[in-house]
Amino acid sequence: MRSRNPVFSRRGFSRDNGYAGFNAAPQAGGPAVATQANPYAQPPAGNPYAQNPYAQPDQQFGAPPQAPATTGRMTMDDVVIRTASTLGVLVVTAALAWALLPVDDANISRSYGIGIGAALIGMVLALVQSFKRKPTPALILSYAAFEGVFLGVVSSVVDNRIADGAAMQAVIGTMAVFAGVLIAYKAGWIRVNRRFYGFVMAAALGFVFLMMVNLLFAVFGGGDGLGFRSGALGVVFGIVGIILGACFLALDFKQVEDGLAYGAPREEAWFAAFGLTLTLVWIYLEFLRLIAILNSND
């Protein structure tokens, strides 16, 4: 199965990527033969040493074969640790930005400027990593650090100037969506297939296009642009954004599951962490924006 997540689509989360263990299907009519794609497949019956000169002595004399001591393949622990590390960096830098970049009347312009600059740097780092064929932990952690600065400033602005407690509400909402999608995915209520992928990608492209058009109208025409981020339309698009984020979470879970099943290399856990972080940031920002809109309309 080919990868369906845009972040993972060019990586090791597919059968035909050439990594060991991804093409481990046995040959018709007989046991699997060790190949470059699967060096751990057992040789056909007969003299194992003749078929495999690297067979262990106990294999040569009919003893049960030993599993390889280490495969270097990705495990769920690898995914959890890398994801926790990436999110940890993001949370720490967000907390520091909240504490060190005040958003009172005298400092809001400077703090917001630093936040926007950090967001642009984070976006560039994310794009660079997305087009790399191998993960670079330093690049991913740097993205998380700069994105955390942006989230800290934006969260402080909304929490202190628009809606008290908005940041905590957005965090709780994001955690709730993550838990809900994970439970629904594990229970089989969400089936990630080609049709699901096509629908999500088409909806996401349309959503991003409308937001870009709205931004252009806001920049050159002033006000709220076409009104997609304010009032009743803003609430609707905020909910749609959260639903899209939930759909991308399901795609992320599917790619992690495929990576584990097909024997992705351990380094691919960084791509899993990167994709999950991108999706969680998306959901958090949509919650924060939705809360700001609802409170500004009171």
Exercise. Tell me, what HN-Hα J-couplings in whole Hz come from the Karplus equation 6.51 cos²θ - 1.76 cosθ + 1.60 at θ = phi - 60° for each residue of the stretch 137-153, using x for Gly and Pro?
Worked result: x, 4, 5, 5, 5, 5, 4, 4, 5, 5, 5, x, 4, 4, 5, x, 5
Seminar exercise, completed: Filtered hits (lysines, Cα-Cα < 19 Å from K254, offset >= 8 within chain) -> K186
For this session: On a C-alpha basis, how far is the centre of the stretch 144-212 from the centre of the stretch 117-131 in Å? Whole number, if you could?
Result: 18 Å
Exercise. Across the stretch 201-215, in residue order, what do the Karplus-derived ³J(HN,Hα) couplings come to in whole Hz, using 6.51 cos²θ - 1.76 cosθ + 1.60 with θ = phi - 60° and x for Gly and Pro?
Worked result: 5, 5, 5, 5, 4, x, 4, 5, 4, 5, 5, 5, 4, 4, 5
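Hey, any idea what % of the stretch 180-298's accessible area is carbon plus sulfur with a 1.4 Å probe?
Taking all protein chains in place, the stretch 180-298 shows 69 percent carbon and sulfur surface.
Determine the equivalent ellipsoid of the stretch 231-298 by diagonalising the alpha-carbon gyration tensor, then write out the semi-axes as square roots of 5 times the eigenvalues, largest first, rounded to whole Å. List each step's numbers first, then the result.
On the way: eigenvalues 219, 23, 5 Å².
Whole-Å semi-axes of the equivalent ellipsoid: 33, 11, 5.
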Problem set entry | Projected area, mean over directions - the stretch 90-147, Cα convex hull, nm² | 3.8 nm²
Problem set entry | Accessible surface, the stretch 257-298, averaged per residue in Å² (probe 1.4 Å) | 34 Å²
For this session: Mind pulling the per residue volume of the convex hull built on the Cα atoms of the stretch 162-281? Å³ is fine.
Result: 134 Å³
For this session: Measure off 7 Å from each Cα along the Cα-to-Cβ vector at L215 and A176, then give the distance between these two points in nanometres to one decimal.
Result: 2.8 nm
Seminar exercise, completed: Note on the stretch 63-164: C-alpha Rg/Rh, Kirkwood Rh, two decimals, gives 1.22
Exercise. When the convex hull of the C-alpha atoms of the stretch 106-220 is computed, what volume per residue in Å³ does it have?
Worked result: 165 Å³
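The values are calculated or read from the model by the stated rules, or taken from the named source; none is laboratory data. This structure is a prediction, so every number in the text was calculated from the model and none was measured. Note that we place each Cβ from the backbone using ideal geometry, even for glycine, and neighbour counts take in every protein chain shown. With ligands, DNA and RNA removed, areas are computed over all heavy atoms of the protein, side chains included. Shrake-Rupley method; radii C 1.70, N 1.55, O 1.52, S 1.80 Å.
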